[in-house]
1. Would you tally the residues in region C:60-87 being more than 10 Å from chain D (Cβ to nearest Cβ) and assigned to a loop (DSSP other than H, G, I, E, B)?
2. Determine, yes or no, whether B:Pro96 is open to solvent by less than 50 Å² (accessible area, probe 1.4 Å) and either touching a residue at least 12 places away in the same chain (Cβ under 8 Å) or over 12 Å from the mean Cα position of the chain (by Cα) (or both).
3. Just to be sure I understand, how many residues within region A:88-127 are part of a helix (DSSP H, G or I) and touching a strand residue (DSSP E or B) at 6+ places or on another chain (Cβ under 9 Å)?
4. Those residues that are surrounded by fewer than 24 Cβ atoms within 10 Å (Cβ to Cβ), farther than 22 Å from B:Asp45 by Cβ and either touching a residue at least 24 places away in the same chain (Cβ under 8 Å) or in contact with a Cys (Cβ under 8 Å, 6 or more places away or on another chain) (or both), I need them from region C:99-130; list them, please.
5. For B:Ala47, all conditions in the list (1) free of Cβ contacts under 8 Å to residues at least 40 places away in the same chain; (2) over 26 Å from D:Ser2 (Cβ atoms) hold save one; what is the number of the exception?
6. With B:Thr118, B:Thr36, B:Thr69, B:Thr61 as the choices, which residue is hydroxyl-bearing (Ser, Thr, Tyr) and on the phi > 0 side of the Ramachandran plot?
7. Looking only at region B:73-92, decide whether some residue is closer than 20 Å to A:Leu49 by Cβ and within 11 Å of the chain's Cα centre (by Cα).
8. Looking at region C:2-31, which of its residues are within 12 Å of C:Asn121 (Cα to Cα) and without any contact (Cβ under 8 Å) to a residue 12 or more places away in the chain?
Number of protein chains: 4
Amino acid sequence: MSNITLKQAEEVLAAAKAKAVALNTLMNIAVVDSGTNLVAFAHMDDAWLGSIDIAQKKARTARYFNMPTGEIGKLSQPGGSLYNIEHSNGGLITFPGGVLIKNTAGEIIGAIGVSGDTVENDHAVAQAGADAIV
Amino acid sequence: MSNITLKQAEEVLAAAKAKAVALNTLMNIAVVDSGTNLVAFAHMDDAWLGSIDIAQKKARTARYFNMPTGEIGKLSQPGGSLYNIEHSNGGLITFPGGVLIKNTAGEIIGAIGVSGDTVENDHAVAQAGADAIV
Amino acid sequence: MSNITLKQAEEVLAAAKAKAVALNTLMNIAVVDSGTNLVAFAHMDDAWLGSIDIAQKKARTARYFNMPTGEIGKLSQPGGSLYNIEHSNGGLITFPGGVLIKNTAGEIIGAIGVSGDTVENDHAVAQAGADAIV
Amino acid sequence: MSNITLKQAEEVLAAAKAKAVALNTLMNIAVVDSGTNLVAFAHMDDAWLGSIDIAQKKARTARYFNMPTGEIGKLSQPGGSLYNIEHSNGGLITFPGGVLIKNTAGEIIGAIGVSGDTVENDHAVAQAGADAIV
């Protein structure tokens, strides 16, 4: 199993924060390793306090199922095949903002979760963070 | 960051209770500070016991995302962008009854959560409480 | 079952706060009813944040077993008959500061829990609160 | 109430990491604000995974009671006045490694929690982090 290093996680955080600034928004940003353990976190000043937990849950949710969180949310709706999967694992967050982090060989090394604005901006900031690993 | 004082919180409680009496209803009323910590609470005689927890969760939810709780509930419906956000932060309540408390300078100093009747009445009582800070 | 009213709980809070001021200390004060449900709460400005939870747990612990919390703590020590009883009921607090509230007929109507200073002061403030019901 | 900024929290993290390197050890480092909300976190490569949670609980514990975590642990021993206080607040950690962060005016603005080695080293790294605010 490959695993993200702290140095890489800090690069992910820096890229995500830069994207948040470019979007003129305030974010909470969490990076977990391939075992879903927290590696790095940043709460931008005055970002939503409720998003501290959500950012971490998004990062873990993405790695739990190896897909962007928004994909899981499509399946967890009423009548869907994964209805209310959010009750597992101490609480999942299944709307966009959680993205896998892969190394240049394409191996999963962790995930990033972002929360603080619209789900579109959350996802864009998370993707910018994940893209910092090159 | 500004923070509500106990004296202010007691004024908020008193105004909310007066509104509840005016509406001929029985409420649970919680006030949290800007860090989401409980500052003051009142359970009116014979008000719903299950609303003791809900009032506190409403107050925290409003401060977590800096908006009235009912606004979040519009987005957390099936198919909505924040579907099942209620699984975060140890449980959110996203229907009306949670309102931010601001000081005269417009700074957020805490939040009030009210539960015990229709969501319309819950919200009206919460708003009356928040409006006591002048 | 007799039960404390909000008016009585507010008198308990007021007496406890007056005692805290007299002792020149800052307290968190919780009052629960005879069913262990929260009735009233006050966090004095700058009192310990960790005592918000402890004050409530002390009040509930006193009513759970109908004795002052410190009595339970004598029995929950290593080798004691109630060793580690603190693991029950979502967490008990078994050092002093939780006291039963009785009406003038001697019936239990609730309990008060106080936290914020030494256990001696916590207990003194709790007792002052309970003694307000005459 | 004053509150730590992300920029300050990152300076705290950097100073703590530098101290950990100087001590040739691997640490988990958490910084919370004055409301006990997580602001920044770093898990050094190969540091103990179980310390991710402990570092956060130490930071919160220090702020909950406005003292170094080890001071609380002296009182929470069997027979001590705060025996089993660890059952409150969702779990406290009361051995050394949690330290308050104050600004130059002496106001509490947050706390740092460190876990990954002996409690002596944990505390030394936490203190080095707190001392970065000048």
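The values are calculated or read from the model by the stated rules, or taken from the named source; none is laboratory data. As the structure is a prediction and not an experimental result, all values here were calculated from the model. Neighbour counts run over all protein chains shown; Cβ positions are idealised from the backbone, glycine included. Ligands, DNA and RNA are excluded from the accessible area calculation, which covers all protein heavy atoms including side chains. Shrake-Rupley method; radii C 1.70, N 1.55, O 1.52, S 1.80 Å.
1. 5
2. So B:Pro96 fits the description; yes.
3. Residues that pass the stated criteria total 7.
4. Those that are surrounded by fewer than 24 Cβ atoms within 10 Å (Cβ to Cβ), farther than 22 Å from B:Asp45 by Cβ and either touching a residue at least 24 places away in the same chain (Cβ under 8 Å) or in contact with a Cys (Cβ under 8 Å, 6 or more places away or on another chain) (or both): C:Asp117, C:Val119, C:Glu120, C:Asn121, C:His123, C:Ala124, C:Gln127, C:Ala128.
5. (1)
6. B:Thr36
7. Scanning region B:73-92 turns up no residue that is closer than 20 Å to A:Leu49 by Cβ and within 11 Å of the chain's Cα centre (by Cα).
8. C:Val21, C:Ala22, C:Asn24
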